[in-house]
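*Asks:* After the structure tokens below, expect a handful of questions from me.
Rule-based calculations on the coordinates, nothing more; no lab input. Bear in mind that the values here come from a model prediction, so they are computed numbers and not experimental data. Every residue, glycine as well, gets a Cβ built from its backbone with ideal geometry; the counts of neighbours run over all protein chains shown.
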């Protein structure tokens, strides 16, 4: 499905990055350049009904972290710094790929968190030190006192229910194949298969996620949002065009993902958010192979201010279609994890009984 990169291919890929122009202070690289595109003036193509054409298979796979590392104080890396980051991470991924069953490295979510490593597929690149660009420190703003209490209550309720392995109902939604990172907007690299297909038809834009293969259908006809009582896992979206930019607003999430978002595969953008969260997405095609995607999250009940991220979309090498991501079918992970937990409890009880009898 994806073309593996040879050593020579990786070297060439890093060489391309090495000659990328360093951005001016306080400025991002031009959108076309930061997505690995040609940098030439792009003539916007249109769909038969006149929409700016965003269609195709896109990936947001990247080595840029969502939040800026605490030991980094600048907005952009140099090309040499980014080349080293990509090279080091690719080496870690290669160790995982070559690991034998049972080896400690045979945990493909460890550090890389991906079923398919980024060095084996085409990935979106830029020089940002974080996807978040506003606030300027590149980090999610502090939570309000209201949100801190709300989320403390959620954590306490979860603790009263028992541990994650006490019952299947306590397990993470991704383990149960109910919902996974990147499945719910906003779209960014938060789990494996960070890939999307955009389909346009008269009056609609549809975004199909490879993970769990759900389709978000976005009407463009100006219809009002559903009443606040009508909610869904991924929220309700409405879109319109501002020039060549598709602007999508999403409201009415059911709050379940926000409340449960935790762990290495969490949807970072939604951790602790309220049901009143409002998401604004902006899609702008900047090259045949590149789309600029920015999102802003507004939720006064949760954060002290709104915040925004800049995510590079790059065209995938495949022509499609996506294969079905049949997560639930044959998903034995919950049963196996609960069985192992019960076995460990039994062995611990036997050891305790033996020790007390002595």
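*Asks:* Give me 208, 54 ranked fewest to most by other Cβ atoms within 10 Å of their Cβ, as a rough exposure proxy.
*Replies:* The order, fewest Cβ neighbours first, is 208, 54.
*Asks:* For residue 240, project a label point 7 Å along Cα to C-beta. Then give me every residue of the stretch 204-233 with its amide nitrogen under 13 Å of that point.
*Replies:* 220-225
*Asks:* Quick check on the exposure proxy: order 240, 183 from fewest to most C-beta atoms within 10 angstrom.
*Replies:* Fewest to most other Cβ atoms nearby, the residues stand as 240, 183.
*Asks:* Distance in nm between label sites at residue 166 and residue 347, each 7 Å beyond Cα in the beta-carbon direction?
*Replies:* 2.3 nm
*Asks:* Express in nm, to one decimal, how much length is gained between residue 256 and residue 230 on full extension, taking 0.36 nm for each residue of separation and deducting their alpha carbon distance.
*Replies:* Extra length available between residue 256 and residue 230 comes to 8.0 nm.
*Asks:* Only counting other Cβ atoms within 10 Å, I'd like 204, 77, 57 sorted with the fewest neighbours first.
*Replies:* 204, 57, 77
*Asks:* Also: Translational diffusion coefficient, Stokes-Einstein: compute it for the stretch 120-235 using the Kirkwood radius over C-alpha pairs as Rh, at 20 °C and 1.002 mPa s, and state it as an integer in µm² s⁻¹.
*Replies:* Values: Rh = 18.0 Å.
Reported coefficient: 119 µm²/s.
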